[in-house]
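S.K.: Have a look at the structure that comes next, please.
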Amino acid sequence: QVQLVESGGGLVQAGGSLRLSCAASGRTFNGYTMAWFRQAPGKEREFVACIRWSDGTTYYADSVKGRFTISRDNVKKMVYLQMNSLKPEDTAVYYCAAEWRGIGTAAAGTYDYWGQGTQVTVSS
């Protein structure tokens, strides 16, 4: 089992950057594929990025490709989302998620554990 706690959200102007962090508990963090999702008001939760447990392969939503970077530190049990060139449409609550030995998918239903979320607001 793993517990996830996000941090790093805030208010930023369009074109700016933020780095989100997700701290994980548990002894087997290395075996989890980690992902970031986001949910804007009135919209469904959507996939942002994931990083596979086995080989570090990353996947991104088309809307963030080239602007966001997901990374992980297995020693510190941390996952990061570096967000550059932020746009107002990136405004959402961002959630960290974990799937045990997942292949890395965009489907929220495949992830077993979720954090409480951190708010990101991008002003125009």
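S.K.: Anything in the range 39-75 that is touching a residue at least 24 places away in the same chain (Cβ under 8 Å), touching a Lys or Arg at 6+ places or on another chain (Cβ under 8 Å), outside any strand (DSSP E or B) and not polar (S, T, N, Q)? List them, or say none.
M.R.: ARG45, TRP53, listed by residue number.
S.K.: For residues in the range 70-115 being polar (S, T, N, Q) and more than 12 Å from the chain's Cα centre (by Cα), which is nearest to ALA40 (Cα to Cα)?
M.R.: Top of the filtered list is THR91.
S.K.: Determine the pairs where a residue that is at positive phi, located within the range 9-21, has a partner that is part of a strand (DSSP E or B) and open to solvent by 60 Å² or more (accessible area, probe 1.4 Å) with Cβ atoms under 6 Å apart, the partner being 6 or more residues away or on another chain.
M.R.: Partner pairs satisfying both residue conditions: none exist.
S.K.: Can you name the number of the only condition in (1) out of contact with any Pro (no Cβ under 9 Å at 6 or more places or on another chain); (2) open to solvent by 20 Å² or more (accessible area, probe 1.4 Å) that GLY115 fails?
M.R.: Here GLY115 clears every test but (2).
S.K.: Now for a separate question. List pairs: first in the range 105-124 and on the phi > 0 side of the Ramachandran plot, second at pLDDT 95 or above, Cβ under 8 Å, 6+ apart or cross-chain?
M.R.: These pairs meet every condition: GLY117/GLU6; GLY117/GLN39; GLY117/VAL93; GLY117/TYR94; GLY117/TYR95.
S.K.: Further, regarding this structure: Do you know which residues across the range 21-31 are part of a strand (DSSP E or B) and open to solvent by 10 Å² or more (accessible area, probe 1.4 Å)?
M.R.: SER21, ALA23, ALA24
S.K.: Here's another thing I want to ask about it. Which residues, taken from the range 24-79, are of a type in the set (Lys, Arg) and under 21 Å from ARG101 (Cα atoms)?
M.R.: Those that are of a type in the set (Lys, Arg) and under 21 Å from ARG101 (Cα atoms): ARG27, ARG52, ARG72, LYS76, LYS77.
S.K.: In the range 9-20, how many are in contact with a Ser or Thr (Cβ under 7 Å, 6 or more places away or on another chain), within 14 Å of TYR94 (Cβ to Cβ) and surrounded by fewer than 16 Cβ atoms within 10 Å (Cβ to Cβ)?
M.R.: Total meeting the criteria: 1.
The values are calculated or read from the model by the stated rules, or taken from the named source; none is laboratory data. These numbers come from a predicted model, not from an experiment. Cβ: placed from backbone, ideal geometry, glycine included. Neighbour counts: every protein chain shown. Remember, those area values only see protein heavy atoms, side chains included, never the ligands or the DNA or RNA. Shrake-Rupley method; radii C 1.70, N 1.55, O 1.52, S 1.80 Å.
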